[in-house]
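Asks: First, the structure itself, so that you have it in front of you.
The values are calculated or read from the model by the stated rules, or taken from the named source; none is laboratory data. What you are looking at is a predicted structure, and each value in this text was computed from that prediction instead of being measured. Glycine also receives a Cβ, built like all others from the backbone with ideal geometry; neighbour counts cover every protein chain displayed. In case anyone asks, the SASA skips ligands and DNA or RNA and just uses the protein heavy atoms, side chains included. Shrake-Rupley method; radii C 1.70, N 1.55, O 1.52, S 1.80 Å.
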Amino acid sequence: MPTVVNRTMSPFEWAMLFGLSVLWGGSFFFAGVALSALPPLTLVVLHVGLAALILNAARPLAGLRLPRGREVWVAFFGMGLLNNVVPFCLIV
């Protein structure tokens with residue numbers, strides 16, 4: 001039988017949840033505003049490209065290195081396409 005854990009959220013966890021909701025909601029709001037000036041695919045490329053640049057800049061801080069194998073990069077490309085580009089294109 002699984003153990004059920006009932007725990008209340010701390011103020012810090014509530015603040016993190018609020019921050020996440022502001023980021024997600026802001027993303028959809030600004031996508032709607034930006035669509036009046038940019039085509040949808042351009043907006044998606046900017047969105048995903050900016051996220052990739054930020055994550056790549058944060059990578060050394062986490063002590064991670066880029067992989068070198070071709071198979072890994074093919075998998076990364078497939079995951080990026082299916083998990084980021086296609087959903088953002090459909091949302092925008």
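Asks: Using helices alone, what [θ] at 222 nm do you get for the chain, with -39,500 (n - 2.57) per DSSP H run of 4 or more residues, divided over all residues and rounded to the nearest 500?
Replies: -21500 deg cm²/dmol
Asks: Checking a compactness column here: for the chain, what do you get for Rg(Cα) / (2.2 N^0.38 Å), N being the number of residues? All intermediate terms of the calculation are to be shown ahead of the outcome.
Replies: Numbers: Rg = 17.8 Å, N = 92, 2.2 N^0.38 = 12.3 Å.
Here the answer is 1.45, to two decimals.
Asks: Okay, moving on. In the range 18-92, which trypsin sites (Lys or Arg not before Pro) are in a loop and have at most 14 other Cβ atoms within 10 Å, using DSSP for the loop call?
Replies: Sparse-neighbourhood loop trypsin sites (Lys or Arg not before Pro): Arg65, Arg68.
Asks: What figure in square angstrom, to the nearest 10, would you give for the accessible area of Ile54 with a 1.4 Å probe?
Replies: 100 Å²
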